[in-house]
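Contents: one structure, followed by commentary.
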Amino acid sequence: MILLLGTGNPGKIRELRAILEPIPGLQLATRDDTPFPDIPEVGSTFAENAILKARGIASATGVAVLAEDSGLCVRALRGAPGVRSARYAGSPTDHRANTERLLRELTGVTDRAARFVSVAVLRFEDGREVLRAGVLAGRIARRPTGSGGFGYDPVFVPDGFTQTLAELPPETKNELSHRVRAVNPLRGVLRQELDARASR
Ligand code: IMP
């Protein structure tokens, strides 16, 4: 079975591969293998945007799709940047500029609590859809550190840690991230589907 990863973000593709590649019989495809158009993220929630992406990409390609929408929600900013995380400092996406804006908005703010949220939607060729969400709680550092990961990773310190996600090894991020928490339950759904297809 071919599953198209519905994102062009290389950081997300790397992480999704690490989570899904160990599933026997599942072949992952990306935009390079099966081109799809950009789907405007006009929803007001992560779930709405993930569903828009899954349906838009599925109708353009006809294959099974895993779409994901995610972002950073900061308590002192009343949930911002939220669904606007990718373009917080404007379009096109500039991760460094986004992080700089975030730190600027939080100048002098002592409440640094934040959470990453991910909503993943698995859509099969026949239109069946399964949606799962994952959250990672933490806090925003005073300055960026580390070179791993992507996006806001250099300023996000997960609860229980002293280092940012960009300083921690990729394996650690992939054990605790919002994305792995959303996508891991879908591994079971994919395994069941593969078994059902094999016994047909
Ligand atoms: P979208 O889901 O393509 O709309 O983009 C999600 C945006 O949220 C990314 O461009 C990042 O700015 C941010 N984001 C989501 N997940 C992560 C993560 O794991 N690390 C750092 N930033 C992330």
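The values are calculated or read from the model by the stated rules, or taken from the named source; none is laboratory data. Because the structure is predicted, anything quoted here is derived from the model rather than measured. Here Cβ is always computed from backbone atoms with ideal geometry, including for glycine, and neighbour counts include all displayed protein chains. With ligands, DNA and RNA removed, areas are computed over all heavy atoms of the protein, side chains included. Shrake-Rupley method; radii C 1.70, N 1.55, O 1.52, S 1.80 Å.
Pairs please, first residue from region 159-184 and touching a residue at least 60 places away in the same chain (Cβ under 8 Å), second anywhere and in a loop (DSSP other than H, G, I, E, B) and within 12 Å of the ligand (Cβ to nearest atom), Cβ atoms under 8 Å, 6+ apart in sequence or on different chains.
Hits for this filter: P170/G148; P170/G149; K173/G148; K173/G149; K173/L165; S177/L165.
Does at least one position in region 60-67 carry a residue that is more than 13 Å from the chain's Cα centre (by Cα), of a type outside the set (A, V, I, L, M, F, W, C), closer than 24 Å to P185 by Cα and not in a helix (DSSP H, G or I)? Before the answer, list the steps.
Looking only at region 60-67, we keep the residues that are more than 13 Å from the chain's Cα centre (by Cα), and these are 60-65.
In the following step, the residues that additionally are of a type outside the set (A, V, I, L, M, F, W, C) were identified as 61-62.
When the remaining residues are screened for being closer than 24 Å to P185 by Cα, the result is 62.
If we keep only those that are not in a helix (DSSP H, G or I) as well, we get 62.
Checked against the condition, which is being more than 13 Å from the chain's Cα centre (by Cα), of a type outside the set (A, V, I, L, M, F, W, C), closer than 24 Å to P185 by Cα and not in a helix (DSSP H, G or I), region 60-67 yields at least one hit.
Open to solvent by less than 40 Å² (accessible area, probe 1.4 Å) and more than 22 Å from L194 (Cα to Cα): is that true of A58 in this structure? Walk me through it before giving the result.
On the way: open to solvent by less than 40 Å² (accessible area, probe 1.4 Å): yes; more than 22 Å from L194 (Cα to Cα): no.
It is false that A58 is open to solvent by less than 40 Å² (accessible area, probe 1.4 Å) and more than 22 Å from L194 (Cα to Cα).
Are any residues in region 11-39 within 13 Å of the ligand (Cβ to nearest atom), of a type in the set (V, I, T) and without any contact (Cβ under 8 Å) to a residue 60 or more places away in the chain, and if so, which ones? Explain how you work it out, then say what you get.
Residues of region 11-39 that are within 13 Å of the ligand (Cβ to nearest atom), as a first pass: 11-16, 18-19, 31, 38-39.
Then drop every residue that is not of a type in the set (V, I, T), which leaves 13, 19, 39.
Hits for region 11-39 are I13, I39.
Could you please let me know if A166 is surrounded by 20 or more Cβ atoms within 10 Å (Cβ to Cβ) and assigned to a helix (DSSP H, G or I)? It would help to see each step written out before you state the result.
On the way: surrounded by 20 or more Cβ atoms within 10 Å (Cβ to Cβ): yes; assigned to a helix (DSSP H, G or I): no.
When the stated conditions are applied, A166 does not pass them.
With within 13 Å of the ligand (Cβ to nearest atom), in a loop (DSSP other than H, G, I, E, B) and on the phi > 0 side of the Ramachandran plot as the only criterion, which of G90, G8 stands out? Walk me through how you get there before you give the answer.
Values: G8 fails: on the phi > 0 side of the Ramachandran plot.
None of the other options fit; the residue is G90.
With closer than 26 Å to Q192 by Cα, hydrophobic (A, V, I, L, M, F, W, C), surrounded by 15 or more Cβ atoms within 10 Å (Cβ to Cβ) and within 13 Å of the ligand (Cβ to nearest atom) as the only criterion, which of V135, V121 stands out? Talk me through it step by step, then tell me what you get.
On the way: V135 fails: surrounded by 15 or more Cβ atoms within 10 Å (Cβ to Cβ).
Among V135, V121, only V121 is closer than 26 Å to Q192 by Cα, hydrophobic (A, V, I, L, M, F, W, C), surrounded by 15 or more Cβ atoms within 10 Å (Cβ to Cβ) and within 13 Å of the ligand (Cβ to nearest atom).
Read through the list (1) open to solvent by 10 Å² or more (accessible area, probe 1.4 Å); (2) in contact with a strand residue (DSSP E or B) (Cβ under 9 Å, 6 or more places away or on another chain); (3) within 24 Å of R84 (Cβ to Cβ); (4) not in a loop (DSSP other than H, G, I, E, B), then give the number of the only condition that G149 fails.
It fails just one condition, (4).
I want to confirm something. Restricting to region 40-55 and keeping residues that are within 13 Å of the ligand (Cβ to nearest atom) and touching a Lys or Arg at 6+ places or on another chain (Cβ under 8 Å), which single residue is most open to solvent (accessible area, probe 1.4 Å)?
Ranking the qualifying residues of region 40-55, first place goes to E41.
Condition first: away from the ligand (no atom under 11 Å from the Cβ) and crowded, with 16+ Cβ neighbours inside 10 Å. Now tell me which residues in region 152-163 satisfy that. Before you say what the answer is, go through the steps one by one.
Taking region 152-163 first, the residues away from the ligand (no atom under 11 Å from the Cβ) are 157, 159-163.
Matches in region 152-163: V157 only.
Here's the yes/no breakdown for (1) more than 24 Å from I2 (Cα to Cα); (2) in contact (Cβ under 8 Å) with a residue 40 or more places away in the chain; (3) of a type in the set (A, V, I, L, M):
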| residue | (1), (2), (3) |
| --- | --- |
| I57 | no, yes, yes |
| T61 | no, yes, no |
| A89 | yes, no, yes |
| L103 | yes, yes, yes |
| A137 | yes, no, yes |
